[in-house]
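Have a look at the structure below before the remarks.
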Amino acid sequence: MAKEELLEMRGKVVELLPNAMFRVELENGHEVLGHTAGKMRK
């Protein structure tokens, strides 16, 4: 995915999951799964 196609949204981590994944509740009420990658994961 090109950097121009990235979305940036605000939310709150509501659950920590295995393998550096998180359940995130967005400001609009939707829930998504997020993960750390690259340099942040090290």
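The values are calculated or read from the model by the stated rules, or taken from the named source; none is laboratory data. All values derive from a computational prediction rather than experimental measurement. Cβ sites come from the backbone with ideal geometry, for glycine too, and all protein chains shown count toward neighbours.
Looking at the stretch 12-28, I want the residues that are of a type in the set (A, V, I, L, M, F, W, C) and have a partner that is assigned to a loop (DSSP other than H, G, I, E, B) with Cβ atoms under 7 Å, at least 6 apart or on another chain. Which pairs are those?
From the stretch 12-28, the pairs are ALA20/THR36; LEU26/MET9.
Could you tell me whether LEU16 is modelled with pLDDT of 95 or more and either of a type in the set (Ser, Thr, Tyr) or surrounded by 10 or more Cβ atoms within 10 Å (Cβ to Cβ) (or both)? It would help to see each step written out before you state the result.
On the way: modelled with pLDDT of 95 or more: yes; either of a type in the set (Ser, Thr, Tyr) or surrounded by 10 or more Cβ atoms within 10 Å (Cβ to Cβ) (or both): no.
No, not satisfied.
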